[in-house]
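The values are calculated or read from the model by the stated rules, or taken from the named source; none is laboratory data. Since this is a predicted model, take the numbers as computed values, not measurements. Here Cβ is always computed from backbone atoms with ideal geometry, including for glycine, and neighbour counts include all displayed protein chains. The area values use the complete protein model at the heavy-atom level, side chains included, leaving out ligands, DNA and RNA. Shrake-Rupley method; radii C 1.70, N 1.55, O 1.52, S 1.80 Å.
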Amino acid sequence: MAAAVSSARVWGQNLSQAALLLLRRPGARGLARSHPSRQQQQQAFSSLDDKPQFPGASAEFIDKLEFIQPNVISGIPIYRVMDRQGQIINPSEDPHLPQEKVLKFYRSMTLLNTMDRILYESQRQGRISFYMTNYGEEGTHVGSAAALDSTDLVFGQYREAGVLMYRDYPLELFMAQCYGNMSDPGKGRQMPVHYGCKERHFVTISSPLATQIPQAVGAAYAAKRANANRIVICYFGEGAASEGDAHAGFNFAATLECPIIFFCRNNGYAISTPTYEQYRGDGIAARGPGYGIMSIRVDGNDVFAVYNATKEARRRAVAENQPFLIEAMTYRIGHHSTSDDSSAYRSVDEVNYWDKQDHPISRLRHYLLSRSWWDEEQEKAWRKQSRKKVMEAFEQAERKLKPNPNLLFSDVYQEMPAQLRKQQESLAQHLQTYGEHYPLDHFDK
């Protein structure tokens, strides 16, 4: 330290920059042990082979003024395993999954689709307050979920219900959460589709956009410190990637070397904002290298491509303690939510193309049919069976009472503070006086 201070003082006395630069070398823990002669300094810093010593980047000197073009990398390619007809393109990339596992992929994707249709109509009929469908993105959910270990921690955004469904989350609990009834693990205190399940390692959804990203990095760092042999996967859309939390999360994950997979569902729209208005670079995968993150872009409508990429990313994240970024290119066929009317900003023809020509469920069905693992009779029977299962859970959820109003005040503090106790007493007094104006018979006592 004393030598450094002394050198800094001499700087005002015309000490050359070369002498200062020689005080430190890349990777050195302290100051140089010996000072080279002036002749050695001149030889070292007059050479055309001089290497940059700046600690903040790895680069070479150039003698020509040139700005880096944004398209220096021409279009990151999209990895896929099967084409739209369900045919494997490169046999060496075939994951060779057993029949039962592929059938679980298909049943999970189609069951999610059926649940979406029924709950969407339920909201339109005024039975629930809000809903978000997953139409067109089922392959990103199931392909990634299948590649994870069951103990891997999931931080979702709000369109990853298929991940929970693949982990065998009961239909009854999906319905209970959307109806906010007394069977809801969240006790009716969350908006619909804000699922969570501790037993299935799925962190409860939070409405504010992208807040889960730095939280997921913190959880991954904790897993690393605990040497837990598990990873964290964090889902988000390309719109959320524009939030500051995303950039902070990427940088923390890279510098702290966290075992995390950032899984971006690039579905074309951030609510109503199309991708060409969201960013000028080459999507989200192009941002990974800037943070020092291994990145890949996959066909999100190809469940096998998603599976392969996630499986390999998970293997390496655990083995190498480093983050990975997967950008799954897909399309949001449904409205953003029941509060949205997407016909105001996109055409029916555009939506129909993705629904009819390049749907992840159709692609996987083609694959199953080509291998005689599925047929039209099984399709009809399964659709009937899956609808029956969803309707039974739906009807059961509607019949159940809402949670006791006193649960509004629980699960925040270990000991209820005086202010909260006062609010609880105020509510009780209000309901005692004006209870006839409230549907209290719909609530658990």
Subset of region 335-360 (residues that are more than 28 Å from residue 304 (Cα to Cα) and buried (at least 18 other Cβ atoms within 10 Å of the Cβ)): 338, 342
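Do we find a residue being β-branched (Val, Ile, Thr) and part of a helix (DSSP H, G or I) anywhere in region 319-333? Spell out how you get there, then give the answer.
Taking region 319-333 first, the residues β-branched (Val, Ile, Thr) are 326, 330, 333.
Adding the requirement that they be part of a helix (DSSP H, G or I) leaves none.
For region 319-333, residues β-branched (Val, Ile, Thr) and part of a helix (DSSP H, G or I): absent.
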Residue within region 311-323 that is open to solvent by less than 20 Å² (accessible area, probe 1.4 Å), in contact with a Ser or Thr (Cβ under 7 Å, 6 or more places away or on another chain) and small (Gly, Ala, Ser) present: no
Region 190-216, subset among the hydrophobic types (A, V, I, L, M, F, W, C) and in contact (Cβ under 8 Å) with a residue 60 or more places away in the chain, residue farthest from residue 271 (Cα to Cα): 216
Residue list for region 366-380, restricted to those being open to solvent by 50 Å² or more (accessible area, probe 1.4 Å), out of contact with any helix residue (DSSP H, G or I) (no Cβ under 6 Å at 6 or more places or on another chain) and more than 18 Å from residue 117 (Cα to Cα): 366, 369, 370, 371, 372, 375, 376, 377, 378
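With the structure loaded, tell me whether residue 275 is in the same structural domain as residue 178 (by the TED database) and within 14 Å of the chain's Cα centre (by Cα) or whether it fails that test.
Working: in the same structural domain as residue 178 (by the TED database): yes; within 14 Å of the chain's Cα centre (by Cα): no.
So residue 275 does not fit the description; no.
Might you check whether a residue that is under 16 Å from the mean Cα position of the chain (by Cα) and at pLDDT 95 or above occurs anywhere in region 314-321? Walk me through it before giving the result.
Keep residues of region 314-321 that are under 16 Å from the mean Cα position of the chain (by Cα), which gives 314, 317.
Now drop any that are not at pLDDT 95 or above, which leaves 314, 317.
Within region 314-321 (the criterion being under 16 Å from the mean Cα position of the chain (by Cα) and at pLDDT 95 or above), the answer is yes, since at least one residue qualifies.
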